[in-house]
Amino acid sequence: MRRAGDNPKDLLFEKTTALFAFGVLFLAVLLFALLVRESLPAIRKFGAAFLVTKTWDPVAEQFGALPFIYGTLVSSLIALLLAVPLAVGSAIFINEFAPEWLKNPVSFLSELLAAIPSVIYGLWGIFVLLPVLRDYLMKPVTSWLGWIPFFKGPVYGPSLLAAGVLLSIMIIPFILSVSREVLATVPRVQKEAVLSLGGTRWEMIRIVIGQHCIPGIFGATVLGLGRALGETMAVTMVIGNRPDVLLSIFQPGHSMAGAIANEFTEATGDLHLSALVEIGLVLFLLTFVVNLAAKWTLKTMVARASRGI
Amino acid sequence: MRKIFASWVVFACAALALSAGRPATAADSLNITGAGATFPYPLYSKWFYEYSNSHPGLKFNYQSIGSGGGVKQITAGTVDFGASDAPMTTDELAKLPGPILHIPTAIGAVAVAYNLKGIQSGLKLTPDILVDIYFGKITRWNDPRIAGINPGTKLPAADVVVSHRSDGSGTTDIFTNYLSAVSTEWRAKVGRGKSVNWPVGLGGKGNEGVAGVVKQTPGAVGYVELAYAMQNKMTVAALRNKEGNFIVPTLESTSAAAAGAAKTMPDDFRMSLVDAPGKDSYGICGLTWLLLYRDQRDEAKGKALVTFLKWALHDGQKMNAPLLYAPLPKPVVEKVDKALRQISFKGKSLY
């Protein structure tokens, strides 16, 4: 590579792009600093208890964010549990088995799913998903397995499960399309090598995915998780917006982004406002940690995978 | 390359010239800005539209950002008037740079809507039953207390699914104000506010969110603005009022509540209409206010605002009912008229 600086135009270009890059960094730092500054009153008042208490009482100015953190984590986890097998499975099918005429329509439709505004998902959730889940899944399950704490009734419809299912539909396109890209990077020779050694299609996929694609699929999963953690409108429309920590996934909950969107406009108390900003700060840190952990895991995975080949 | 640069310079100059030209045209017309409550927004936008039509050169810009936002903006002085469904609290008043006036403009009611198959509007509820439903103490629709006052109505053995607003809202303020007025237990344990710590229930965002829960969930009960309930033909409960009559929320029963409360209207109009006296009064009603400083900083704007408010109090009130807001009763209008005379610029009344 030629060093920049030989040519004034190159130098100008380099400096300009550097400026943009630092601009992005500066924005992130500024955002963080502002969140910290605005949440200081709540941090001073509640300290670490903010993260582990579950009273959210704007009248008495008692604020604990645990219900929101819990709701966000549980609904996102449910979404991942449902979306990852579905997305990876369909990625394998589309790439390896599907006839040519099916590939394009399926990938087009899945990309279309990603383009639908989240409020539309929310409306669909209220009018279609909730009644179906309530009458055909939650009610029968509670009556048979209601003794398991995770499936305890009574059943209303809006619930952690509904939010998780809706989120899973929303993140499938992301995981699917990245997984397909990852599968497509596997060198043809490797696949043929497995087959020529007498391996079955299943063995080919298992070996190829196991050796080559796991890091990429993991990355796709984290991408989906990031989207699920921050999703606001669709979640708030189906989760029930109940600031409580309930073990049963059939019970309503709340989410961090949803709490901010719901209460910010009418929060007049300084402490209330500050507590809402602190939820934003926690969400910011949570996504930061998730991404950092993902980066780190990805690095070790890639290292291991490349050793294996 | 140079050509492109030159064209940018031309473009920038043109943009500058345009932006410099704008204030000159704006000076001919008067722009009055306001922000606040979403509940009266349809009424206000109708008022502003009609009034601007008959007063060319006067423009209103109202942002319906919510009552809390309206209070914040008028406190900071970034708008010419604010609007709120909840009267400003003593704490909030203390933060103001000067005395403020609460000008009531319309009356709204909050309806208790429910979803019970085969039961039409008018299911009877008493205040204490409503409180216990929202405390989670009454969990079945065929509870003997509900059945006791609804003889002849076949109540299902369904779970009561309680629903409330999840977003901060003046509607919630009126509703919890009512619950606090009729129950000391509610006042002590939950209290009143734009958002409160609900003992039970599902939260819906906005009137449409609560209506969504109520319509989609058999056995659900929730509170929505009367106008919203009427437009969406929701089934609503009849509440027992102070005199012991069961009253369905309508424009008439809302106006009756206002008339009942008018006698005791304080001079600053910061009054709640909940649980108002009168045999035809509906219980859960509230005023909505415009907020403006008594001492205006801009004579032209202050004068225009006062003239507009005079119009709104008399001609404007005729537009209330078609838009499903109850008009202010006569004695209140007269009282507001008097209050408007206080609005002044450098000590001189603008009325």
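The figures follow:
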{"read-out": "Top-ranked residue in region B:168-186 [being crowded, with 24+ Cβ neighbours inside 10 Å and outside any helix (DSSP H, G or I); ranked as nearest to the other protein chains (Cβ to nearest Cβ)]", "value": "B:GLY168"}
{"read-out": "From the options B:PRO42, B:PRO87, B:PRO56, residue that is assigned to a loop (DSSP other than H, G, I, E, B) and more than 14 Å from chain A (Cβ to nearest Cβ)", "value": "B:PRO56"}
{"read-out": "Long-range neighbours under 7 Å by Cβ, at least six apart or interchain, first residue more than 9 Å from every other protein chain (Cβ to nearest Cβ) and touching a residue at least 12 places away in the same chain (Cβ under 8 Å) within region A:262-278, second surrounded by fewer than 23 Cβ atoms within 10 Å (Cβ to Cβ) and part of a loop (DSSP other than H, G, I, E, B)", "value": "A:LEU271/A:GLU61; A:LEU276/A:PHE264"}
{"read-out": "Pick from region B:59-84, criterion surrounded by fewer than 21 Cβ atoms within 10 Å (Cβ to Cβ) and away from chain A (no Cβ under 12 Å), ranking: farthest from B:SER272 (Cα to Cα)", "value": "B:LYS59"}
{"read-out": "Criterion violated by B:TRP311 - all others in (1) part of a loop (DSSP other than H, G, I, E, B); (2) under 20 Å from B:ILE32 (Cα atoms) satisfied", "value": "(1)"}
{"read-out": "Residue count for region B:204-243, restricted to those that are of a type in the set (Lys, Arg), out of contact with any Pro (no Cβ under 7 Å at 6 or more places or on another chain) and crowded, with 19+ Cβ neighbours inside 10 Å", "value": "1"}
{"read-out": "Out of A:SER110, A:SER179, sole residue that is assigned to a helix (DSSP H, G or I), away from chain B (no Cβ under 14 Å) and modelled with pLDDT under 90", "value": "A:SER110"}
{"read-out": "Subset of region B:187-199 [crowded, with 18+ Cβ neighbours inside 10 Å and either more than 11 Å from chain A (Cβ to nearest Cβ) or charged (D, E, K, R) (or both)]", "value": "B:ARG192, B:LYS194"}
{"read-out": "Subset of region A:120-145 (residues that are more than 19 Å from A:VAL235 (Cα to Cα) and either within 14 Å of another protein chain (Cβ to nearest Cβ) or touching a Ser or Thr at 6+ places or on another chain (Cβ under 9 Å) (or both))", "value": "A:ASP135, A:LYS139, A:THR142, A:SER143"}
{"read-out": "Strands (runs of 3 or more DSSP E) within region B:200-265 that include 3 or more residues within 14 Å of chain A (Cβ to nearest Cβ) and in contact (Cβ under 8 Å) with a residue 60 or more places away in the chain", "value": "B:220-225"}
{"read-out": "Pair list, Cβ under 7 Å, 6 or more apart: region A:190-215 residue touching a residue at least 12 places away in the same chain (Cβ under 8 Å), other residue of a type outside the set (A, V, I, L, M) and assigned to a helix (DSSP H, G or I)", "value": "A:VAL194/A:GLU203; A:MET204/A:LYS191; A:ILE205/A:GLU96; A:VAL208/A:GLN190; A:VAL208/A:LYS191; A:GLN211/A:GLY308"}
{"read-out": "Region A:239-261 - residue that is within 10 Å of chain B (Cβ to nearest Cβ) and of a type in the set (A, V, I, L, M) and, of those, surrounded by the most Cβ atoms within 10 Å (Cβ to Cβ)", "value": "A:ILE239"}
{"read-out": "Yes/no for B:VAL161 being among the hydrophobic types (A, V, I, L, M, F, W, C), touching a Leu at 6+ places or on another chain (Cβ under 9 Å), facing another protein chain (nearest Cβ under 9 Å) and within 30 Å of A:GLY122 (Cα to Cα)", "value": "yes"}
{"read-out": "So B:SER344, is it touching a Lys or Arg at 6+ places or on another chain (Cβ under 8 Å) and either of a type in the set (Lys, Arg) or surrounded by 14 or more Cβ atoms within 10 Å (Cβ to Cβ) (or both)", "value": "yes"}
{"read-out": "Hits in region B:237-264 - residues which are over 25 Å from B:ARG145 (Cβ atoms) and either in contact with a Lys or Arg (Cβ under 6 Å, 6 or more places away or on another chain) or of a type in the set (Ser, Thr, Tyr) (or both)", "value": "B:THR250, B:THR254, B:SER255, B:THR264"}
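The values are calculated or read from the model by the stated rules, or taken from the named source; none is laboratory data. The model shown is predicted, which means the values in this text are computed figures rather than measured ones. So basically every Cβ, Gly included, is an ideal-geometry build from the backbone, and we count neighbours across all protein chains shown.
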